1. At a 1.4 Å probe, what is the % contribution of carbon and sulfur to the accessible area of the chain?
2. When ligands, DNA and RNA are left out and all protein chains stay put, how many square angstrom of accessible area per residue does the chain have with a 1.4 Å probe?
3. Which value, in Å² and to the nearest 10, is the accessible area of TRP374 when all protein chains are kept and the probe is 1.4 Å?
4. For LYS234, give me every one of the lysines with a C-alpha distance below 16 angstrom, ignoring sequence neighbours fewer than eight places off in its own chain.
5. For LEU64, LEU297, write out the residues from largest to smallest accessible area, computed with a 1.4 angstrom probe and no ligands counted.
6. Please find, in a Gaussian network model of the chain (springs between Cα atoms separated by less than 10 Å), the residue of GLU301, GLU169, GLU358 whose mean-square fluctuation is greatest.
7. Tell me the relative contact order for segment 315-368 as a rounded percent, counting alpha carbon contacts under 8 Å between residues six or more apart.
8. Using a ≥ b ≥ c from the Cα gyration tensor of segment 81-160 (square roots of the eigenvalues), is it rounded, prolate or oblate, where a/c under 1.5 gives rounded and otherwise the larger of a/b and b/c decides, a/b for prolate?
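The values are calculated or read from the model by the stated rules, or taken from the named source; none is laboratory data. A quick note: this is a predicted structure, and the numbers were derived from the prediction, not measured. Don't worry about glycine lacking a Cβ; one is built from the backbone with ideal geometry, like all the others, and counts go over all protein chains shown. All accessible areas refer to the heavy atoms of the entire protein, side chains included, with ligands and DNA or RNA removed. Shrake-Rupley method; radii C 1.70, N 1.55, O 1.52, S 1.80 Å.
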Amino acid sequence: MNLKSKPTKSLSVSGSIFGRPMLEHFLLDPQLTHFNNGSFGTVPKVVRESRIHWLDLFETHPDLHLKANLLSEINHALDPIAAYLGTTKDNINFVHNATQGINIVLRSLELNKGDILFFLSTVYAGVKVLIDFLHEKNKVELLCVEHLPGPDELLLEAVQKTIKALEKEGKRIKVAVIDAISSVPGLILPYNDLAKILKAHGALVLIDGAHAFGQIPLNLDETHADYVVTNLHKWGYAYRPCAILYAKKERQNALYPTIITYGYGSNNFKETFAWPGTIDFTCWLSSPAALNFRLGLGDAEMRNYMHELAWQGGQKIASAFKTEVLGLKHQTGFMVNVAFPFVLRPGIDAKFENLMWEQFKFRVKVFMYNHRTWIRVSAQIFLEMEDFDRLAQALVTALPSILHMNPSL
């Protein structure tokens, strides 16, 4: 099967091809202006076509395609993904999502009472649940460093200071979980510098790259981390669920999947993860079509367009709100965080998100960070500056309704 996407024209950031003309490649509701790609991603039509091909092919001969040919097809799908990530297929496996990948690593390490697990305050909420579970069940000690707005150097210094204070007590970190790009707020972290510091002090390092694939360049073999997980379905245009688990050679045989079945005891990274039971493999097998889609449009051009759109669009919203954008420009990828004019009471955030959809047909993400309410807005190739102008106007128009919902103000 030819998994390549249909030929596309070369794109220019200043041209007219990025923006609304790109909507023809997607299945989005024509009423929706989608500013929340960061939650679940978006799938192009060509990837849907590839997945349908695999669904139909499996039904022509289930035994052949789900048994005899499956491993070779998965490895074939991993080849281009590995090249894009700066590694080889021997170092990566498909998993369902970043959360599953993080569970695999942390629960494979067999953390015990007194082991120290390091993380930042902006760790993804679902991962924090796992961290709390390990604290409760395995009695691991937790060490959290506050991730506050500011230059990268401040975070690096805070981590170094924390490690030195810990070592004065005769302790060291067993494993550290670091975001490449945090979820809320959506900020790019100096993850490789953090990994280098933590590795120098003897810690195992796990990078949560849930938002990294497609949003920032990754070269996994050159990273200082021991393990990296990254979703292909958020910014990589793959069908959900689809993610990659990467491990350095010397760390691979200590990992086992969330479902223990055939392959266990093989002492082979690929064989151990080869068969997770009967699942829908088409999300994985259609992922090369997603990669071809972005490469056909121009990977660097896409990243530049969405980065500039997010940053400039965020400034427009902040100006309309008379507030500010969180973080520095290089810390902003395709998600921009804008301060709300006032703090929303718990529960009003969801009502506000629904209001923006019901009245204006926009989707945005609202969250609390550092005692303030923020809006996370995702740029995409099918959006343009006029969409951000409309969003800014709608947000200001909605403020009286939000004030009515938030009577304590």
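1. Numbers: 9360 of 17900 Å².
Roughly 52 percent of what the probe reaches on the chain is carbon or sulfur.
2. Details: 17900 Å² over 409 residues.
Solvent-accessible surface per residue comes out at 44 Å².
3. 10 Å²
4. Once the sequence-local lysines are set aside, what remains near LYS234 is LYS45, LYS365.
5. The most accessible residue leads, giving LEU64, LEU297.
6. GLU169
7. Details: 37 pairs, mean separation 13.5, N = 54.
With pairs under 8 Å counted, the relative contact order is 25 percent.
8. Working: a/c = 2.10, a/b = 1.16, b/c = 1.81.
The shape class here is oblate.
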